[in-house]
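Here's the structure we're looking at; comments come further down.
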Amino acid sequence: MFTSLSLRNSRCITPEQQKSFDELLEAYCATPEGEWLKNFNYKQYKIKWCDAMNIENGIMGAFIPWAGKAVYLMPNECNVPGFPDPWPEQIVFTLVHELRHAWQFKKYGILYILCCLPVLRQLTLEKDAWRITKQAEKFFTEYVNKRCAAKFKRK
């Protein structure tokens, strides 16, 4: 079961995963949809894997203001040692969703906390974050497909 207390046992991502996320986020920041992220110092937020997040409980990511400058993501359950990790490409839009919550908190402060009330959250914070997530998902799908096609052509 996932609770905010589960975040204490989270682990940092690897340098290779950080490099993958950085590349993806920098590409997204270069788009009009990613302008908000470009103007937000997102690199100050650590990305951590939280093993309590999984398919069964439906939790893929979290940003909790009192947990410090960190965002938490569901880890890959099927990583194969010795092969490049495709998980950052698959979960990056969730990272964008959680970074949007961090942006909301930075921009609105105490108002963000008030909007965390259950019904209000869905009408305000989540509506905005899902709008951004849908744009990001479309961008990353196209970006990764183009990158894979370019790699295939080189071989």
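The values are calculated or read from the model by the stated rules, or taken from the named source; none is laboratory data. Since we're looking at a predicted model, the values are computed, not measured. As a convention, Cβ positions derive from the backbone with ideal geometry for all residues, glycine included, and neighbour counts pool all protein chains shown.
Would you check which residues across the stretch 69-90 are surrounded by fewer than 16 Cβ atoms within 10 Å (Cβ to Cβ) and at pLDDT below 90 and list them?
Correct list: Asn76, Glu77, Cys78, Asn79, Val80, Pro81, Gly82, Phe83, Pro84, Pro86.
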Exercise. Inside the stretch 35-69, can you point out the residues that are assigned to a loop (DSSP other than H, G, I, E, B), of a type in the set (A, V, I, L, M) and either under 15 Å from the mean Cα position of the chain (by Cα) or over 14 Å from Thr94 (Cα atoms) (or both)?
Worked result: Ala52, Met53, Ile59, Met60, Ile64
For this session: Could you tell me whether any residue of the stretch 104-124 is surrounded by 15 or more Cβ atoms within 10 Å (Cβ to Cβ) and aliphatic (A, V, I, L, M)?
Result: no
Exercise. Before we move on, is Glu56 under 23 Å from Leu7 (Cα atoms), surrounded by 19 or more Cβ atoms within 10 Å (Cβ to Cβ) and among the acidic types (Asp, Glu)?
Worked result: no
Problem set entry | Test result for Ala62, under 18 Å from Phe21 (Cα atoms) and either exposed (fewer than 12 other Cβ atoms within 10 Å of the Cβ) or in contact with a Leu (Cβ under 8 Å, 6 or more places away or on another chain) (or both) | yes
For this session: Could you grab me the full set of residues in the stretch 14-33 that are under 25 Å from Asn76 (Cα atoms), surrounded by 14 or more Cβ atoms within 10 Å (Cβ to Cβ) and touching a residue at least 40 places away in the same chain (Cβ under 8 Å)?
Result: Gln17, Ser20, Phe21, Leu24, Leu25, Ala27, Tyr28
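Identify, please: which residue in the stretch 125-155 is in contact with a helix residue (DSSP H, G or I) (Cβ under 8 Å, 6 or more places away or on another chain) and among the aliphatic types (A, V, I, L, M) and is, among those, surrounded by the fewest Cβ atoms within 10 Å (Cβ to Cβ)?
In the first step, residues of the stretch 125-155 are kept if they are in contact with a helix residue (DSSP H, G or I) (Cβ under 8 Å, 6 or more places away or on another chain); the result is 125, 128-130, 132-133, 136-137, 139-140, 143-144.
From the residues that got through so far, the ones that are among the aliphatic types (A, V, I, L, M) too are 125, 129, 132, 136, 144.
Numbers: Leu125: 19, Ala129: 20, Ile132: 21, Ala136: 26, Val144: 17.
Only one residue fits best here, namely Val144.
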For this session: Tell me, please, whether a residue that is in contact (Cβ under 8 Å) with a residue 12 or more places away in the chain and more than 19 Å from Ala70 (Cα to Cα) can be found in the stretch 105-126.
Result: no
For this session: Considering only the stretch 2-13, state which residues are touching a residue at least 24 places away in the same chain (Cβ under 8 Å) and surrounded by fewer than 15 Cβ atoms within 10 Å (Cβ to Cβ).
Result: Thr3, Ser4, Asn9, Arg11, Cys12
